[in-house]
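The values are calculated or read from the model by the stated rules, or taken from the named source; none is laboratory data. Values in this document were obtained by computation on a predicted structure and should not be read as measured data. For neighbour counting, all protein chains shown are included, and Cβ atoms are generated from backbone atoms with ideal geometry for every residue, glycine included. Areas reflect the complete protein model, heavy atoms only, side chains present, ligands, DNA and RNA absent. Shrake-Rupley method; radii C 1.70, N 1.55, O 1.52, S 1.80 Å.
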Amino acid sequence: MAEAQERLDTSVPHPARRYNYWLGGKDNFAADRESGDAVVALFPSIRTAALENRRFLRRAVELLAGELGIRQFLDIGTGLPTADNTHEVAQRVAPESSVVYVDNDPLVMVHARALLNAAPGAGPTHYLEADVRSPEDILREAAKRLDFSRPIGLMLIAVLHFIADEEDPWGIVRRLTEALPAGSYLVLSHSTGEFLTPEAVQTFRTSAIPVHLRTHDEIGRLFDGLEVLDPGVVSISNWRAEKEPGPRPDESETATDCAVARIR
Ligand SMILES: C[S@@+](CC[C@H](N)C(=O)[O-])C[C@H]1O[C@@H](n2cnc3c(N)ncnc32)[C@H](O)[C@@H]1O
């Protein structure tokens, strides 16, 4: 942990800390807040989007741990601990559920080790500092903690828009999903530029934290070869959200697409 703390650079913004700022958390620094405010100027409903993304995570994990019987989760791009972390949602439904958390931000790892511990008697949680751009490394380490002969819930929530086209996010998803047993599931959300001007999309791409906003079709292609569950690839505002208290935000306010898909 000391080593991770030495590698922290608080003078440059980081995605996890900026997201924590939008969610109203305290684990962020001046550079993250400045970058967060610059996004608010471009996209004023970003806080609604962040909160709705967390609600999507909760609903999707409830579905996997409940109706779909998943007991193991590989959560890549974990983020800083907040309300309703993956293991808390899963273990409310099935206490034996285990989670491997993966993030490339050393601060996330420091907090995760301190805060993302399962309750006594519940399934284990593990942490891995790794980059989603190296799927084979993640799979090799995850296989030490998860049973790859049983279905796994792979979570890629609000992480792949940090990956440029040249780094092939579509190939990353394919390499990860192909390594999982049949009957596993992919849970994914991704910010879209469909509701922004081309200039704003370009500003996101070239900002201090480059964000690659994609079209609905480009996000849909992340699910190629998988069996997408109802209601398909839709806005996080509208994904199985019937029981959420109203009024619901419009999809232009969340500007994030998502889906849950079965891996055959
Ligand atoms: C917007 S947060 C999303 C957190 C959580 N998944 C959620 O949806 O609430 C994005 C997370 O992805 C992590 N991240 C960004 N790029 C990454 C990469 N190349 N490899 C692994 N994690 C990454 C960030 O550190 C951050 O914790």
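Some points to look at:
- From the list Thr125, Thr203, the one residue that fits, being among the polar types (S, T, N, Q), touching a Leu at 6+ places or on another chain (Cβ under 8 Å) and under 24 Å from Thr48 (Cβ atoms), is Thr203.
- All conditions but one from (1) under 19 Å from Leu186 (Cα atoms); (2) open to solvent by less than 40 Å² (accessible area, probe 1.4 Å); (3) hydrophobic (A, V, I, L, M, F, W, C) apply to Ala143; the one that does not is (2).
- Residues in the range 13-48 that are within 16 Å of the chain's Cα centre (by Cα) and either basic (Lys, Arg) or near the ligand (Cβ under 10 Å from one of its atoms) (or both): His14, Pro15, Ala16, Arg17, Arg18, Tyr19, Asn20, Trp22, Leu23, Arg47.
- Filtered residues of the range 49-65 (kept if charged (D, E, K, R) and either open to solvent by less than 20 Å² (accessible area, probe 1.4 Å) or within 13 Å of the ligand (Cβ to nearest atom) (or both)): Glu52, Arg54, Arg55, Arg58, Arg59
- Qualifying position, being part of a loop (DSSP other than H, G, I, E, B), farther than 24 Å from Val40 by Cβ, without any contact (Cβ under 8 Å) to a residue 40 or more places away in the chain and acidic (Asp, Glu), among Glu242, Glu218: Glu242
- Some residue of the range 112-131 being open to solvent by 10 Å² or more (accessible area, probe 1.4 Å), at pLDDT below 95 and polar (S, T, N, Q): yes
- Hits in the range 166-184 (condition: open to solvent by 20 Å² or more (accessible area, probe 1.4 Å), away from the ligand (no atom under 13 Å from the Cβ) and either within 18 Å of the chain's Cα centre (by Cα) or of a type in the set (Val, Ile, Thr) (or both)): Trp170, Arg174, Arg175
- Every condition in (1) at positive phi; (2) over 17 Å from the mean Cα position of the chain (by Cα) is met by Ala158 except one, and the failing one is (2).
- In the range 221-237, the residues that are open to solvent by 20 Å² or more (accessible area, probe 1.4 Å), assigned to a loop (DSSP other than H, G, I, E, B) and touching a residue at least 24 places away in the same chain (Cβ under 8 Å): Asp224, Gly225, Leu226, Leu229, Val233
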